[in-house]
Amino acid sequence: MKALIIGAGGQIGSELAGALEAAGHEAWMVDHQPLEKCAGRGALEASFAQYPGLAARWLPALDVLQADRLAALIADLRPDTVFHLAALLSATGEANPDLCWRVNVDGLRTTLEAMTRYRRPDGADPVLVCPSSIAAYGPVTGRPDVLERGPEEGPLEPTTMYGVTKVVAERLGAWYSHQLKPTAGRGRVDTRLLRFPGLLSAVPPGGGSSDYANELFFAGARGDQAVQIFVRPDTRIPFMHMDDALRSLVELAEAPRARLTRTTYNVGACYPTAEEIAEAVRRRLDHPFEVRYVPDHRQAFVDSWPRRLEDGAARSDWGWSHRLDLEGMTDRLLHDCRASLAR
Ligand SMILES: NC(=O)c1ccc[n+]([C@@H]2O[C@H](COP(=O)([O-])OP(=O)(O)OC[C@H]3O[C@@H](n4cnc5c(N)ncnc54)[C@H](O)[C@@H]3O)[C@@H](O)[C@H]2O)c1
């Protein structure tokens, strides 16, 4: 596939480029930050060294709010698949809700509109893959099971602006996939969304409320003897290792459309409390590792998210299966964070 990653310099995008190349696809990348300012610069440069030709497909900086430039880029490149990752995450988005709406919703809609103007070489609708999030959920009066199970069909009642933009993204995706009335020169976009758990990798996180887990892994890898995190020890949300998340993005993009029964899929992996993550890190260290739990405003965000994520549809429709649980993730992350800190 010829893929364009929008928001390619962040935690997911910087690793997705290499994952696409490894799977035999051609990745193009754009971000509003120049490469040297991207959080994922280290991961990108490692992929550039591994895959000849990839560095030349890192495009000049582009802000998704520059609608004309974004539409022109898509019209020019005609990617058969777009991975739309440009977004403000939960904590940053709540601090700046107006910008969160504009980047997460208006930026996505500009991309979708541009993609209605062309077909894939085989005549099929172009595919857009976009992450949604567990933040699309929220507490529902009289329905404690919603936060206990994370049911695929919802209901979705988010409490943050970030979560609101994710629900809108899901509904926009369904509209562009199924409701848009095709006319000459304007067709549908085969939109596929994944409701992701908190994602864990050795790339510094970008302002999400699941960052406390990344902070534990980075602190352990640095050899810190004490660390402070911003949630209670009993805080439990779904988590997934980045490698599983990347595989889910690529597998969903590759899945034959006829096998898909929904536009949005949940994907789950493991469900540890903050204390269980801290303990998994501590067991692998040969020095004390004291964790101070000092909840701040982000505690309310994670408390509004589900503690599990039902993902039966992804498993039956396109064969989703996670590979890393908490123990496997902890081994990998401590190793990878140490390597990242050494670079
Ligand atoms: N990381 C997670 O734990 C997680 C979990 C669930 C869902 N998601 C979703 O996955 C997607 C990517 O997340 P991520 O973790 O890689 O985020 P990130 O913040 O690390 O990366 C986002 C990238 O988008 C870029 N960007 C921001 N505003 C832009 C703009 N106006 N124009 C162009 N680029 C812009 C940023 O520079 C950054 O490189 C988001 O939609 C996010 O909501 C992430």
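The values are calculated or read from the model by the stated rules, or taken from the named source; none is laboratory data. Owing to the predicted nature of the structure, the values given are computational and were not obtained by experimental measurement. Neighbour counts run over all protein chains shown; Cβ positions are idealised from the backbone, glycine included.
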Every pair of residues 6+ apart whose Cβ atoms lie under 7 Å, when the first sits in segment 241-261 and is among the acidic types (Asp, Glu) while the second is assigned to a helix (DSSP H, G or I): Glu251/Trp318
Among (1) out of contact with any His (no Cβ under 9 Å at 6 or more places or on another chain); (2) more than 23 Å from Pro121 (Cα to Cα) - the single one Leu20 does not satisfy: (2)
Filtered residues of segment 50-85 (kept if of a type in the set (Gly, Ala, Ser) and in contact with a Leu (Cβ under 8 Å, 6 or more places away or on another chain)): none
Test result for Arg186, under 30 Å from Ala75 (Cα atoms) and in contact (Cβ under 8 Å) with a residue 12 or more places away in the chain: yes
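For every residue, the table says whether it meets (1) within 19 Å of the chain's Cα centre (by Cα); (2) within 15 Å of Gln11 (Cα to Cα); (3) assigned to a helix (DSSP H, G or I).
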position: Val146; (1), (2), (3): no, no, yes
position: Ser177; (1), (2), (3): no, no, yes
position: Arg195; (1), (2), (3): yes, no, no
position: Leu199; (1), (2), (3): yes, yes, no
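Specify the residue that is farthest from the ligand (Cβ to nearest atom); the eligible residues are those in segment 116-145 that are β-branched (Val, Ile, Thr) and surrounded by 19 or more Cβ atoms within 10 Å (Cβ to Cβ). First the steps, then the outcome.
Let us first name the residues in segment 116-145 that are β-branched (Val, Ile, Thr), namely 116, 127, 129, 134, 140-141.
Narrowing further to those that are surrounded by 19 or more Cβ atoms within 10 Å (Cβ to Cβ): 127, 129, 134.
Details: Val127: 16, Val129: 10, Ile134: 7 Å.
Looking at the filtered set, the residue picked out is Val127.
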All strands (runs of 3 or more DSSP E) inside segment 234-339 with 2 or more residues being under 22 Å from Ala91 (Cα atoms): 239-241, 290-293
Unmet requirement for Ala221, which otherwise passes all of (1) outside any loop (DSSP other than H, G, I, E, B); (2) free of Cβ contacts under 8 Å to residues at least 40 places away in the same chain: (2)
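Residue-by-condition table, conditions (1) farther than 19 Å from His322 by Cβ; (2) touching a strand residue (DSSP E or B) at 6+ places or on another chain (Cβ under 7 Å); (3) more than 9 Å from the ligand (Cβ to nearest atom); (4) of a type outside the set (A, V, I, L, M, F, W, C):
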{"site": "Glu152", "(1), (2), (3), (4)": "no, yes, yes, yes"}
{"site": "Val167", "(1), (2), (3), (4)": "yes, no, yes, no"}
{"site": "Gly185", "(1), (2), (3), (4)": "yes, no, yes, yes"}
{"site": "Asp211", "(1), (2), (3), (4)": "yes, no, no, yes"}
{"site": "Phe239", "(1), (2), (3), (4)": "no, yes, no, no"}
Only listed residue being in contact with a strand residue (DSSP E or B) (Cβ under 8 Å, 6 or more places away or on another chain), among the polar types (S, T, N, Q) and surrounded by fewer than 20 Cβ atoms within 10 Å (Cβ to Cβ), chosen from Gln179, Gln225: Gln225
Number of the condition not met by Arg298 [criteria: (1) closer than 19 Å to Tyr212 by Cα; (2) surrounded by fewer than 18 Cβ atoms within 10 Å (Cβ to Cβ)]: (2)
Checklist (1) under 20 Å from Leu77 (Cα atoms); (2) in contact with a helix residue (DSSP H, G or I) (Cβ under 8 Å, 6 or more places away or on another chain) applied to Arg120, failing item: (2)
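This table checks each residue for (1) under 18 Å from the mean Cα position of the chain (by Cα); (2) crowded, with 21+ Cβ neighbours inside 10 Å.
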residue	(1), (2)
Leu249	yes, yes
Ala253	yes, yes
Pro256	no, no
Asn266	yes, yes
Tyr271	yes, no
Ala274	no, yes
Ala278	no, yes
Glu290	no, no
Val294	no, no
Selected residue (only one of Gly268, Gly220, Gly187, Gly198 is in contact with a helix residue (DSSP H, G or I) (Cβ under 7 Å, 6 or more places away or on another chain) and more than 16 Å from Asp331 (Cα to Cα)): Gly198
Residues of segment 49-74 satisfying the condition of being buried (at least 16 other Cβ atoms within 10 Å of the Cβ) and assigned to a helix (DSSP H, G or I): Arg57, Ala67, Leu70, Ala71, Leu73, Ile74
Hits in segment 75-107 (condition: more than 9 Å from the ligand (Cβ to nearest atom), out of contact with any Lys or Arg (no Cβ under 8 Å at 6 or more places or on another chain), of a type in the set (A, V, I, L, M) and part of a helix (DSSP H, G or I)): Ala95, Val105
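Residue-wise test of (1) in a loop (DSSP other than H, G, I, E, B); (2) at pLDDT 95 or above.
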| site | (1), (2) |
| --- | --- |
| Ala3 | no, yes |
| Ala8 | yes, yes |
| Glu15 | no, yes |
| Gly18 | no, yes |
| Glu21 | no, yes |
| Trp28 | no, yes |
| His32 | yes, yes |
| Glu36 | no, yes |
| Ala39 | yes, no |
Candidate set from segment 41-73 (those that are over 21 Å from the mean Cα position of the chain (by Cα) and among the aromatic types (Phe, Trp, Tyr)); member that is farthest from Asp31 (Cα to Cα): Tyr51
